[in-house]
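Notes follow the structure.
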Amino acid sequence: MLAETICSAVSAAGLGIAAITAYRKKYLSATRIAAWALVPLGLVMTGAVEWAFDTVFSPVAWVGFGVLGLAWLLLLTTRGVERRRGGRKAAAGGAEPAAVAPGASAPARPREALARPASGQASSAGASSSGTASEDFSDIEAILKKHGI
């Protein structure tokens, strides 16, 4: 008798917390809390606490199995919605941090300047690459002169 009272109180408290969470417009979390809050009530109603006394023929027990099934369905539904949204971080509104810090400076050269022209690669494919090496050294010399080295 004491176990049923405790389980009922835990369920009532959990449903109250779920109601407060739903009031704050966090419906997915409220549904999950309500599902977990219904588990102790379902266990009491199924007779798991007093399994030896007429569990099979009790209509209350079958309603309890229905409540447990409802709790299981609610948990699966919230998991599916959460995965569809992209996880708990996306549901909370937080995005992943950017790869570059907000106060970082721009790169010295744009990406287009780093790419080599396709015609230069095709013409020097059979020959030695001494022309491209002198271009690379001229860039380095310009940087060194700029810094006074």
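Values computed for the structure shown
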quantity: One residue from R83, R88 being over 18 Å from A13 (Cα atoms), at pLDDT 85 or above and open to solvent by 50 Å² or more (accessible area, probe 1.4 Å); calculated: R83
quantity: The lone exception for V49 - which of (1) open to solvent by 80 Å² or more (accessible area, probe 1.4 Å); (2) at pLDDT below 75; (3) over 27 Å from the mean Cα position of the chain (by Cα) it fails; calculated: (1)
quantity: Residues being touching a residue at least 24 places away in the same chain (Cβ under 8 Å), under 21 Å from V81 (Cα atoms) and open to solvent by 70 Å² or more (accessible area, probe 1.4 Å) - total across segment 2-46; calculated: 1
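The values are calculated or read from the model by the stated rules, or taken from the named source; none is laboratory data. This one's a predicted model, so the numbers in the text were calculated from it and none came from an experiment. Neighbour counts are summed over all protein chains in view; Cβ atoms, including those assigned to glycine, are modelled from backbone coordinates with ideal geometry. Quick note on the areas: whole protein, heavy atoms, side chains included, nothing else; ligands and nucleic acids left out. Shrake-Rupley method; radii C 1.70, N 1.55, O 1.52, S 1.80 Å.
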